[in-house]
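The values are calculated or read from the model by the stated rules, or taken from the named source; none is laboratory data. Here the structure is a predicted model, which is why all the values come from computation and not from measurement. Note: ideal-geometry Cβ built from the backbone for every residue, glycine included; neighbour counts use all protein chains shown.
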Amino acid sequence: MLESSILLNAIQKQLDDFCASRRRDFGLISEDLYPLVDFAQDLLQGGKRFRAQFCYWSWAGNLASNLQLTQEQRDQSLEAVVGICAALEMFHAAALVHDDLLDQSDTRRGKPAVHKNFESLHETEAWAGSKERFGQAGSVLVGDLMLSWSSEIFGNALLHAPTPEIEQACREEFSRMRVEIMAGQYLDVLEENAAPSRNPSEAVARANRVMLYKTAKYSIEAPLLIGAAFAGANQSERKALGAFAIPLGLAFQLRDDVLGVFGDPQVTGKPAGDDLREGKRTVLVGLTRETLDGAVGRVFDEMLTSRELSDDQIRFLQQTIVGCGALKKTEDLIEQLGTESMQLLEKIELEAEAKDALRQLALLVINRSH
């Protein structure tokens, strides 16, 4: 098995090599295309690589008990699973490009979002037309390119699948992941644009549905299932991993919701209260809205839909969320879901080193600060 640092370096090298190859291809058409690759590659630097690591350790933990491979086959399989991990990271970056555009979020990991990079390019070159529209167009195209590239990397990795059945199982899991995140993304957009008069008592249920499909399944479940499928795990073994993944994925998103409202900008790389400015209808917001009646509820709804909040208004919303107990309820939910997922992990039969790695990853997901 690879040490985490070696795994992450191998994934980064594969992504860098792929981007360098595509940059050369684009150069044969026109050097004007270079920003498409350069902005994509910049986004692919670093990150927590949770999806890649969940995939790898799921594969490593299931391999010995499901497939009897020669050393040469093991080496081929290892190289292929690194490719699968790189494909997941490319897919994740594509989703971030589109998500930042849909949310009108100007920063990502402390740097300008891709659409803002295109705006800056437009402004620097003094081009005609709207820099905002150019930024939107450029980021849509970069996101689409990265989706295509993720499929290409994934397909190339599966050329080394041990059996046709394993290849098919991996493709089915990858396809399901792509469909589910698009469904979750649309539901998220729908919630942000829905009338504030919608029944507040249903807000938490709607937010739960969004985070299940937009985050929990794609961030934790899909990588685990793809890795297990590539190791030849059967349906029962994959089902057990899925049961562990869902509460952990929900805890992952709830932590993200808390950071989106109360996170330190120096750590998260996003402005304080960014989710509030974007009008995110998260579980944290839903739990808050359930407790508010009359004038306070109307003011809260109006602020959440304004998209132009002052620092004082952000502080008012933060104080309201804390004062009504919604923050504590959310932290309690994170703890409950985290405990549930850890208990389910202990019941799964996995190679010891892999199980320990998944245990440590789960703790990072639950307790992360960015």
- request: Could you identify the single residue in Val97, Val81 that is more than 25 Å from Ser139 (Cα to Cα), of a type in the set (A, V, I, L, M, F, W, C) and assigned by TED's automatic domain parsing to the domain that holds Met146?
  value: Val81
task: With the condition kept exactly as written, say whether any residue in the range 51-72 is part of a helix (DSSP H, G or I), over 19 Å from the mean Cα position of the chain (by Cα), modelled with pLDDT of 95 or more and farther than 20 Å from Leu225 by Cα.
output: no
message: Consider the range 187-198. How many of its residues are surrounded by 14 or more Cβ atoms within 10 Å (Cβ to Cβ) and either modelled with pLDDT of 95 or more or not in a helix (DSSP H, G or I) (or both)?
response: 3
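Could you tell me whether any residue of the range 50-64 is farther than 30 Å from Gln253 by Cα and touching a Phe, Trp or Tyr at 6+ places or on another chain (Cβ under 6 Å)? Spell out how you get there, then give the answer.
Start the filter on the range 50-64 by keeping residues that are farther than 30 Å from Gln253 by Cα, which leaves 64.
Applying the additional criterion that residues be touching a Phe, Trp or Tyr at 6+ places or on another chain (Cβ under 6 Å) yields none.
Within the range 50-64, none of the residues are farther than 30 Å from Gln253 by Cα and touching a Phe, Trp or Tyr at 6+ places or on another chain (Cβ under 6 Å).
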- prompt: Which of the residues that make up the range 261-276 are under 10 Å from Ser369 (Cβ atoms) and surrounded by 15 or more Cβ atoms within 10 Å (Cβ to Cβ)?
  reply: Gly263, Thr268
message: If the requirement is being at pLDDT below 90, buried (at least 19 other Cβ atoms within 10 Å of the Cβ) and among the basic types (Lys, Arg), which of these qualifies: Arg298, Arg289, Arg307?
response: Arg289
Flag for Gly260 being in a loop (DSSP other than H, G, I, E, B) and either in contact with a helix residue (DSSP H, G or I) (Cβ under 9 Å, 6 or more places away or on another chain) or not small (Gly, Ala, Ser) (or both): no
query: Any chance the range 323-343 includes a residue that's farther than 17 Å from Gln253 by Cα, part of a helix (DSSP H, G or I), in contact (Cβ under 8 Å) with a residue 60 or more places away in the chain and of a type outside the set (A, V, I, L, M, F, W, C)?
result: no
task: Only residues in the range 221-233 that are surrounded by 24 or more Cβ atoms within 10 Å (Cβ to Cβ) count as the first member; pair them with residues that are among the acidic types (Asp, Glu), Cβ under 7 angstrom, at least 6 apart or cross-chain, and list the lot.
output: Ala222/Glu173; Leu225/Glu173; Ile226/Glu173; Ala228/Glu237; Ala229/Glu173
- prompt: Taking the range 130-143, which residues are assigned to a helix (DSSP H, G or I) and farther than 11 Å from Phe91 by Cα?
  reply: Lys131, Glu132, Arg133, Phe134, Gly135, Gln136, Ala137, Gly138, Ser139, Val140, Leu141, Val142
- prompt: Only one of (1) loosely packed, with under 13 Cβ neighbours inside 10 Å; (2) closer than 30 Å to Asn234 by Cβ fails for Leu337. Which number is that?
  reply: (1)
query: How do the pairs read when you match residues in the range 94-117 that are surrounded by fewer than 18 Cβ atoms within 10 Å (Cβ to Cβ) with residues anywhere that are part of a helix (DSSP H, G or I) and aliphatic (A, V, I, L, M), using Cβ under 7 Å and keeping only pairs 6 or more apart or on different chains?
result: Leu102/Val189
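For every residue, the table says whether it meets (1) within 24 Å of the chain's Cα centre (by Cα); (2) modelled with pLDDT under 95; (3) not in a helix (DSSP H, G or I).
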residue	(1), (2), (3)
Leu317	no, yes, no
Leu345	yes, no, no
Glu349	no, yes, yes
Ala357	yes, no, no
Leu361	yes, no, no
Ile366	yes, yes, no
query: Looking at (1) loosely packed, with under 15 Cβ neighbours inside 10 Å; (2) of a type outside the set (A, V, I, L, M); (3) not in a helix (DSSP H, G or I), can you tell me which one Gly27 breaks?
result: (3)
message: Here's a check for you: in the range 142-185, which residue that is of a type outside the set (A, V, I, L, M) and touching a Cys at 6+ places or on another chain (Cβ under 9 Å) is surrounded by the most Cβ atoms within 10 Å (Cβ to Cβ)?
response: Trp149
Residue under evaluation Gly46, criteria (1) loosely packed, with under 12 Cβ neighbours inside 10 Å; (2) free of Cβ contacts under 8 Å to residues at least 24 places away in the same chain, criterion not met: (2)
query: Given (1) free of Cβ contacts under 8 Å to residues at least 40 places away in the same chain; (2) farther than 30 Å from Ala60 by Cβ, where does Val285 come up short, assuming only one miss?
result: (1)
- request: Kindly indicate whether any position in the range 144-158 is farther than 20 Å from Phe91 by Cα and either assigned by TED's automatic domain parsing to the domain that holds Arg74 or outside any helix (DSSP H, G or I) (or both).
  value: no
- prompt: Within the range 88-97, is even one residue closer than 23 Å to Gly269 by Cα, touching a His at 6+ places or on another chain (Cβ under 9 Å) and not aliphatic (A, V, I, L, M)?
  reply: no
